[in-house]
Amino acid sequence: MDTLHQFIENYGLIAVFIGCVAEGESAAILAGFFAHQHVFVPWQAYAAVFLGAFLGDALFFLTGRFFADNQYVTRLKSRPGFERAFQLVQQHPTKYVILNRYVYGFRLVGGVAAGLSNIPAPKFVALNILSSLIWASIFTSIGWFFGLGAERLIGDALKNHHRIVIGLGIGLAVAVIGGLLAHRLARRNHEGHASTSSQPDRPSPL
């Protein structure tokens, strides 16, 4: 446990940054928890979460903006939820960029859809900064309050193995719950897409 604790102290922020480039909720919550437990320096934990969130969405946006004909992007566009995401970013670009990251499992599709839309790049960058700041504040704060709750349950001074077990347990629970929600959302979108595709075309009233 001491070796694992030392490893987290030395390399944990790198893992947080990488985790936040992708979906990131569990990584951000872990960052807040370990910041509360003085494993991470609080401002460094927040910076890692913010930068990962911002750069992740920026990467997805650039992929859609400059690699629209790439085979990977073409496959992504065939996903059931992509068309809906593209419609939303075209109709409500400001709300979309700010809120898209809160739909678990939808961030990659949403970021690429934003890149393919007509939203200006400077506007996207400004909104992405704002969204990342808010998102990082919310989820690191959740982790911080988990740390407070753990201290009340176990004691004021959590031992190293307590910190590791509780922190990793929180991260695992968030990842599992988020994965289940993403799977359920994807299945519902797929079923809705299949249902719409199976309906016969109605004759034109004209």
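Things worth noting here:
- Any hit, the range 83-102, residues being among the small types (Gly, Ala, Ser), over 15 Å from the mean Cα position of the chain (by Cα) and either outside any helix (DSSP H, G or I) or modelled with pLDDT under 90 (or both): yes
- Criterion (farther than 18 Å from ILE138 by Cα and surrounded by 14 or more Cβ atoms within 10 Å (Cβ to Cβ)) met by exactly one of SER26, SER78, SER117: SER117
- Any chance ALA68 is hydrophobic (A, V, I, L, M, F, W, C) and in a helix (DSSP H, G or I): no
The rows are residues; the columns are (1) at pLDDT below 90; (2) outside any helix (DSSP H, G or I).
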position	(1), (2)
PHE17	no, no
GLU23	yes, yes
ALA27	yes, no
HIS38	yes, yes
GLN44	no, no
GLY56	no, no
LEU59	no, no
LEU62	no, no
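- Test result for ALA113, within 30 Å of GLU9 (Cβ to Cβ) and small (Gly, Ala, Ser): no
- Qualifying residue in the range 54-63 (condition: surrounded by 18 or more Cβ atoms within 10 Å (Cβ to Cβ), in contact (Cβ under 8 Å) with a residue 24 or more places away in the chain and of a type in the set (D, E, K, R)): yes
The values are calculated or read from the model by the stated rules, or taken from the named source; none is laboratory data. Predicted model, so just to flag it, every value in this text is computed and none were measured. Because the Cβ atoms are built from the backbone with ideal geometry, glycine has one as well, and the counts that use them run over all protein chains shown.
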